[in-house]
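Novice: My questions all concern the structure below.
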Amino acid sequence: MFGAERGQSEVLGEVLLVGVAVVVAAVLSLGALGFGDEVDDPAPTIAESSGDLVADDGGFGNQRVRLYHQAGDPVRVENVEIAVDASDACGKRGRIVGLPTNTIDADENVEGADIFDGRTGQARGALREDVYRAGDVFDFRLTSGACELDPGDRITVRIVHTPSGAVIVEERLTAN
């Protein structure tokens, strides 16, 4: 009589143990296979940056934007976009895409308002390079006819890491 009851409890214990093992295996495989695909590429870190809104060489006023990478991770230029919010100054916003480039072409390199100077040579510095690293500068000009900046006007410029969607640089610049 005691032997029969004991046999049932061993079988019940084995069934419970196998059931627990199956549940643990399912949870681990779900975690390993299901969540791994949802992890985005981490954004690079630009630890220190600065920016200027300065007068252009050609006498066009405070229309030249310079963004300096002072410290942090190098960033592949093809993985960034530059968003300019000049809505406080002239009511417009634009984005430079399709980098690297020598010329900011309205058809290929601009989303939103075309406030950028598309003449050859107006995209300078690391906009033409493969990598934006410490010591480099993104340098471009806003078209004065499309977005006239007066002294005291402010714009916000962001560098967006497109694979992660993260803003890696944000500078608020004031025209002198």
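Novice: Which residue out of A106, A146, A126, A175 is over 19 Å from G51 (Cα atoms) and either touching an Asp or Glu at 6+ places or on another chain (Cβ under 6 Å) or among the hydroxyl-bearing types (S, T, Y) (or both)?
Specialist: A106
Novice: Is it the case, given these coordinates, that A134 is assigned to a loop (DSSP other than H, G, I, E, B), under 27 Å from A71 (Cβ atoms) and in contact with a strand residue (DSSP E or B) (Cβ under 8 Å, 6 or more places away or on another chain)?
Specialist: yes
Novice: Please verify whether G61 is assigned by TED's automatic domain parsing to the domain that holds N79, surrounded by 13 or more Cβ atoms within 10 Å (Cβ to Cβ) and at pLDDT 85 or above, treating the condition exactly as stated. Lay out the reasoning, then the answer.
Specialist: Numbers: assigned by TED's automatic domain parsing to the domain that holds N79: yes; surrounded by 13 or more Cβ atoms within 10 Å (Cβ to Cβ): yes; at pLDDT 85 or above: no.
So G61 does not fit the description; no.
Novice: Do the conditions hold for I104, that is, is it assigned by TED's automatic domain parsing to the domain that holds R66, touching a residue at least 12 places away in the same chain (Cβ under 8 Å) and in a loop (DSSP other than H, G, I, E, B)?
Specialist: It is true that I104 is assigned by TED's automatic domain parsing to the domain that holds R66, touching a residue at least 12 places away in the same chain (Cβ under 8 Å) and in a loop (DSSP other than H, G, I, E, B).
Novice: Could you please tell me which pairs satisfy a Cβ distance under 7 Å, a separation of 6+ or placement on different chains, a first residue in segment 145-163 that is assigned to a strand (DSSP E or B), and a second residue that is acidic (D, E)?
Specialist: R154/D88; I155/D85; T156/D85; T156/E170; V157/E171; R158/E170; V160/E81
Novice: Looking at segment 64-96, which of the residues that are among the polar types (S, T, N, Q) and either in contact (Cβ under 8 Å) with a residue 60 or more places away in the chain or buried (at least 17 other Cβ atoms within 10 Å of the Cβ) (or both) is farthest from P163 (Cα to Cα)?
Specialist: So the residue we want is Q70.
The values are calculated or read from the model by the stated rules, or taken from the named source; none is laboratory data. Note that the structure is predicted; figures quoted are calculated from it, not measured. Here Cβ is always computed from backbone atoms with ideal geometry, including for glycine, and neighbour counts include all displayed protein chains.
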